[in-house]
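One structure is given here, and the rest of the page talks about it.
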Amino acid sequence: MAATFEIHTRLSEALPSRAEAWQFVADFAAYWQQPLQPGDGWSVEEVEAAERRLGLVLPTALREAYLLLGHRTDLTSNHDTLLKPDELHVVDGALVYRVENQGAASWGVLLADLDDDDPGTVMRPDLADESQERWDAWESSLTVACVEMVMSETVLFAGGFTDFLELDAEEADLVGQFRELPAVGRDVRWFANADVLIRELDGFCLNVRARTEEALDQLRESVPGDWLEG
């Protein structure tokens, strides 16, 4: 792949296309983490075993995600968790494929939508009053949800050049000096340049990843604040 990864253009191309989305994920992983390798995904036999256990067929997009990168926890499970095929389960009319790291929420696909190749996803919060729990619409497609997952888990990776900042109003304004990416993810905005990837969560905090220590230091200087690691 090229020495640089033009994330703004590539993300725009990836969001409406399942094939482009998986190519984006592969190139993104090579640029920001490590390239995908044979064996990074679950086998067809393991996915089909999960389908037999559940008595259903996974949507094509979810099957493709498992086969491509299911074993790559650095891209799927640093914070929230992509379930293993043998952990997939059904809750109140939806197939659950991902869970929040403290069990506060689950993400799934409605059983009624499983025949779609790339269905939209739903989210269900874990509430004290279980009678109030509902599946709410989340991402427009599974591939969009997977792109967001890979990007989010990368900035939340424990190793490498990452940091965290709780935002005040002034710091939030300073983030705008970086180029904003196309929208992907709920309550999230993304910014990037060639060496820095920034996730702004609901105007509350930043999770950032840089390709070098120098780039991370420059980011901290550009957005001064009480950085967790800096």
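The values are calculated or read from the model by the stated rules, or taken from the named source; none is laboratory data. Because the structure is predicted, anything quoted here is derived from the model rather than measured. Cβ coordinates were reconstructed from backbone atoms using ideal geometry, including for glycine residues, and neighbour counts include every protein chain displayed. Protein only, heavy atoms only, side chains kept; ligands, DNA and RNA dropped before computing areas. Shrake-Rupley method; radii C 1.70, N 1.55, O 1.52, S 1.80 Å.
Check residue 58 against each of (1) open to solvent by 20 Å² or more (accessible area, probe 1.4 Å); (2) in a loop (DSSP other than H, G, I, E, B) and name the one condition it does not meet.
With respect to (1) open to solvent by 20 Å² or more (accessible area, probe 1.4 Å); (2) in a loop (DSSP other than H, G, I, E, B), residue 58 is out only on (1).
For the range 191-230, give me each residue that is in contact with a Leu (Cβ under 7 Å, 6 or more places away or on another chain), in contact (Cβ under 8 Å) with a residue 40 or more places away in the chain and open to solvent by less than 10 Å² (accessible area, probe 1.4 Å).
192, 198, 205, 206, 208, 210, 223 - these are the residues of the range 191-230 that are in contact with a Leu (Cβ under 7 Å, 6 or more places away or on another chain), in contact (Cβ under 8 Å) with a residue 40 or more places away in the chain and open to solvent by less than 10 Å² (accessible area, probe 1.4 Å).
For the range 133-156: of the residues being in a loop (DSSP other than H, G, I, E, B) and either open to solvent by less than 60 Å² (accessible area, probe 1.4 Å) or out of contact with any Lys or Arg (no Cβ under 9 Å at 6 or more places or on another chain) (or both), which is modelled with the lowest pLDDT? Spell out how you get there, then give the answer.
Quick first cut of the range 133-156, residues in a loop (DSSP other than H, G, I, E, B) only: 133-135, 138-141, 156.
Those left that are additionally either open to solvent by less than 60 Å² (accessible area, probe 1.4 Å) or out of contact with any Lys or Arg (no Cβ under 9 Å at 6 or more places or on another chain) (or both): 133, 135, 139-141, 156.
Working: 133: 88, 135: 97, 139: 96, 140: 96, 141: 97, 156: 94.
Result: 133.
If I go through the range 1-40 residue by residue, how many of them are open to solvent by less than 20 Å² (accessible area, probe 1.4 Å), more than 16 Å from the chain's Cα centre (by Cα) and either at pLDDT below 95 or over 16 Å from residue 182 (Cα atoms) (or both)?
The total comes to 1.
Taking the condition in contact with a Pro (Cβ under 8 Å, 6 or more places away or on another chain) and not in a strand (DSSP E or B), does residue 221 pass? Explain how you work it out, then say what you get.
Working: in contact with a Pro (Cβ under 8 Å, 6 or more places away or on another chain): no; not in a strand (DSSP E or B): yes.
In short, no.
If you take the residues in the range 157-190 that are more than 19 Å from residue 79 (Cβ to Cβ) and of a type in the set (A, V, I, L, M, F, W, C), which one is surrounded by the fewest Cβ atoms within 10 Å (Cβ to Cβ)? Step through it out loud before you land on a result.
Filtering the range 157-190 for residues more than 19 Å from residue 79 (Cβ to Cβ) gives 168-183.
From what's left, of a type in the set (A, V, I, L, M, F, W, C): 169, 172, 174-175, 178, 181, 183.
Working: 169: 7, 172: 16, 174: 13, 175: 20, 178: 19, 181: 19, 183: 13.
If we take residues in the range 157-190 being more than 19 Å from residue 79 (Cβ to Cβ) and of a type in the set (A, V, I, L, M, F, W, C), then 169 is surrounded by the fewest Cβ atoms within 10 Å (Cβ to Cβ).
So residue 69 clears everything in (1) in contact with a helix residue (DSSP H, G or I) (Cβ under 9 Å, 6 or more places away or on another chain); (2) open to solvent by 20 Å² or more (accessible area, probe 1.4 Å); (3) of a type in the set (A, V, I, L, M) except one condition, right? Which one?
(2)
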